[in-house]
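Please read the structure below before turning to the comments.
The values are calculated or read from the model by the stated rules, or taken from the named source; none is laboratory data. A quick note: this is a predicted structure, and the numbers were derived from the prediction, not measured. So basically every Cβ, Gly included, is an ideal-geometry build from the backbone, and we count neighbours across all protein chains shown. In case anyone asks, the SASA skips ligands and DNA or RNA and just uses the protein heavy atoms, side chains included. Shrake-Rupley method; radii C 1.70, N 1.55, O 1.52, S 1.80 Å.
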Amino acid sequence: MNVSLAQQRVVVLGTGGTIAGRASSAADGVGYTAAQVTVQDLLASIPAYEGLALDVEQVAQVDSKDMTLGVWQTLARRLAFHLARPDVGAVVVTHGTDTLEETAFFLQCVLDAQKPVVLTCAMRPATALVPDGPQNLVDAMVLARHPGTCGVLIVCAGRVHGAGEVAKAHTYRLDAFDSGDAGPLATVGEGLVRQFRAWPEPSGLLKPGAPAWDRVMNAHELPGVVVLTSHADADATQVNALLDHSASHPASAVRGMVVAGTGNGTVHARLEEALSRAQEQGVRVVRTTRCAAGPVIPHAGQVLTDVRQLSPVKARIALALELLGE
Ligand code: SIN
């Protein structure tokens with residue numbers, strides 16, 4: 001069945017977040033409770049959504065700081081199901097801002113997103129005097145229906161980011177997300193998309209039914225990977241405690257360590273010595289940077305050679321998925 005873009009349905013999946021948050025007073029922008037309003041109610045308040053061919057599902061209702069593998073699995077399954085429907089052109093996901101970049105990255109790793117998967121959010125609760133969620137939802141819908149769009153994308157405050165680069169960069173500004181040196185992929189406003197860079201290539205790594213997909217979707221937990229930060233006066237305490245834990249609790253052993261290094265991924269000598277000991281004991285150690293922008297450029301003579309051009313939290317997901325496949 002061939003369905004034209006104009007006829008294609010858009011699916012909206014709700015997962016919670018501030019966009020669905022409620023406060024006791026419209027003036028309260030911080031003392032609210034996230035994940036209270038259903039995605040159906042959020043959409044009902046937006047005239048621009050009236051008359052559109054939509055399917056709406058509440059997949060979860062969480063404050064995204066409490067995101068779990070279980071929610072990711074449910075979301076990925078529902079996305080794979082809807083993306084495979086010939087009558088569906090795109091899926092929009094409402095999500096909290098706090099771990100949005102992690103969910104987007106996880107989805108990019110596991111989904112073959114040949115159609116747009118547009119995650120959107122809000123920095124102000126739905127009950128705010130001037131909430132930002134409705135405009136972000138309108139922009140997400142414009143992007144979702146824009147010809148040629150594909151991959152896992154994030155829309156916030158009129159900017160479109162790719163799952164690989166995006167990070168939450170501000171605690172309360174409405175334009176809270178940033179893509180570092182790469183910059184946004186596009187802007188969206190007044191119903192128009194202005195594209196600056198190519199949409200992300202769908203990774204196509206995992207397809208429903210393939211062994212890797214089943215392994216991720218059926219896992220009870222991801223392999224234990226921790227994120228450590230190098231800083232002034234850092235020492236071996238955390239690494240030693242983790243190695244001790246692994247020795248006494250093999251079932252929950254730490255299998256990977258991501259170190260967020262200083263500057264170009266450098267690591268305090270005391271922490272580096274401990275990490276190289278962990279590496280010798282079979283723990284996978286990868287190095288990235290605690291800097292908000294810029295790659296880590298590897299060079300000869302370094303003790304920890306597995307360098308990732310990813311933020312520490314995304315490097316954690318990438319390593320955990322790799323370990324799951326081993
Ligand atoms: C959350 O991440 O669920 C709460 C914070 C937010 O959405 O801004």
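At a glance:
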read-out: Candidate set: segment 116-126, residues that are part of a loop (DSSP other than H, G, I, E, B) and either modelled with pLDDT under 95 or within 21 Å of Val59 (Cβ to Cβ) (or both); chosen: the one most open to solvent (accessible area, probe 1.4 Å); value: Ala126
read-out: Flag for Ala113 being in a loop (DSSP other than H, G, I, E, B), crowded, with 22+ Cβ neighbours inside 10 Å and either away from the ligand (no atom under 16 Å from the Cβ) or small (Gly, Ala, Ser) (or both); value: yes
read-out: Some residue of segment 142-154 being away from the ligand (no atom under 16 Å from the Cβ), assigned to a helix (DSSP H, G or I), in the same structural domain as Thr103 (by TED's automatic domain parsing) and under 25 Å from Arg290 (Cβ atoms); value: no
read-out: Residue in segment 168-186 that is in contact with a helix residue (DSSP H, G or I) (Cβ under 8 Å, 6 or more places away or on another chain), crowded, with 16+ Cβ neighbours inside 10 Å, of a type in the set (A, V, I, L, M, F, W, C) and in the same structural domain as Ala122 (by TED's automatic domain parsing) present; value: yes
read-out: Qualifying positions in segment 44-65 - open to solvent by 40 Å² or more (accessible area, probe 1.4 Å), within 16 Å of the ligand (Cβ to nearest atom) and assigned to a strand (DSSP E or B); value: Gln58, Gln61
read-out: Filter result for the condition that a residue is out of contact with any helix residue (DSSP H, G or I) (no Cβ under 9 Å at 6 or more places or on another chain) and surrounded by fewer than 18 Cβ atoms within 10 Å (Cβ to Cβ), over Ala269, Ala253; value: Ala269
read-out: Segment 66-77 - residue that is within 14 Å of the ligand (Cβ to nearest atom) and surrounded by fewer than 16 Cβ atoms within 10 Å (Cβ to Cβ) and, of those, farthest from Val11 (Cα to Cα); value: Asp66
read-out: Per-region count, segment 273-293, residues within 21 Å of Ala234 (Cβ to Cβ) and open to solvent by 30 Å² or more (accessible area, probe 1.4 Å); value: 9
read-out: Subset of segment 84-103 [crowded, with 21+ Cβ neighbours inside 10 Å and away from the ligand (no atom under 16 Å from the Cβ)]; value: Gly89, Ala90, Val91
read-out: Number of positions in segment 21-30 that are within 15 Å of the ligand (Cβ to nearest atom) and open to solvent by 50 Å² or more (accessible area, probe 1.4 Å); value: 2
read-out: Leading residue by the ranking (nearest to Val93 (Cα to Cα)) among those in segment 42-79 that are in contact (Cβ under 8 Å) with a residue 24 or more places away in the chain and of a type in the set (Asp, Glu); value: Glu57
